[in-house]
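Report on the structure given below.
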Amino acid sequence: MAARPPKKAILAGVNRKGFLGLAVTALVMTPLGAIAQNWRAAPGSLRLKAPARTWDAVEFSYSDGARSFPGIAVRLPEASGGGLCAVCSICPHMGCLFRYETDYEDIGSVIGLRLQHPVFHCACHGSTYDPLRIDNVIHGPTPRRPWLFTAHEEAGDIVVTGIEAGAGEIG
Ligand code: FES
């Protein structure tokens, strides 16, 4: 009959190995678990400082997980209801990136209209969009208004949570 090792040695070896394994698992898994929970808490959302003053704007890039979309959010005047206008800056005409233009009188002289406030303007073929009445295209060959983001304000931030279906699909 083979000699058995002393009971104390077996217990010490198993416990030490088991303890080290548990300790390493705990050290690795705790931070990863916390990160995974944070990611799950807000999938596909983006948070950034909202523009504070009327007609101020902020540019951003939003990813829905499959694709990134360039965006512009503009602070609208209180007299017109306030809030933010958050649009994807891909021009629906042929896909150029349009810009937010505060030199609206210059843009007005280019497109032959007397504008009263800042606009979104595409330099490629002149499509011009109105942040105040985003459903109405001011000028140009574009077939539709810009695509809109789903967004809300929270403690001075803008939280972008989605984008309109079909965004960026040209033609
Ligand atoms: S791509 Fe913007 S007006 Fe043509």
The residue from G65, G126, G82 that alone is in a loop (DSSP other than H, G, I, E, B) and in contact with a helix residue (DSSP H, G or I) (Cβ under 9 Å, 6 or more places away or on another chain) is G126
List, please: which pairs have Cβ atoms under 7 Å, are six or more places apart or on different chains, and start with a residue in segment 118-136 that is farther than 19 Å from G81 by Cα and without any contact (Cβ under 8 Å) to a residue 40 or more places away in the chain and end with one that is of a type in the set (A, V, I, L, M) and in a loop (DSSP other than H, G, I, E, B)? C124/M94
Would you mind stating whether P146 is under 20 Å from D56 (Cα atoms), more than 16 Å from the ligand (Cβ to nearest atom) and within 24 Å of the chain's Cα centre (by Cα)? no
Please go through (1) modelled with pLDDT of 95 or more; (2) within 16 Å of the ligand (Cβ to nearest atom) for V159 and return the number of the only condition it doesn't satisfy. (2)
Go through segment 94-122 residue by residue and tally those that are within 9 Å of the ligand (Cβ to nearest atom) and more than 27 Å from I158 (Cα to Cα). 1
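Which residues, taken from segment 130-162, are closer than 19 Å to F120 by Cα, buried (at least 19 other Cβ atoms within 10 Å of the Cβ) and aliphatic (A, V, I, L, M)?
V137, I138, A151 - these are the residues of segment 130-162 that are closer than 19 Å to F120 by Cα, buried (at least 19 other Cβ atoms within 10 Å of the Cβ) and aliphatic (A, V, I, L, M).
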Condition first: more than 21 Å from the chain's Cα centre (by Cα), within 12 Å of the ligand (Cβ to nearest atom) and part of a loop (DSSP other than H, G, I, E, B). Can you find one or more residues in segment 85-93 that meet it? yes
Would you please list the contacts, defined by Cβ atoms under 8 Å and residues six or more apart or on different chains, that run from a residue in segment 93-105 that is within 16 Å of V137 (Cβ to Cβ) to a residue that is among the polar types (S, T, N, Q) and more than 11 Å from the ligand (Cβ to nearest atom)? Y104/Q116
Report the residue count in segment 112-171 for those that are among the polar types (S, T, N, Q) and more than 21 Å from P51 (Cβ to Cβ). 3
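The values are calculated or read from the model by the stated rules, or taken from the named source; none is laboratory data. Being a predicted model, the structure only gives us computed values, none of them experimental. Cβ atoms come from the backbone with ideal geometry, glycine included; neighbour counts cover every protein chain shown.
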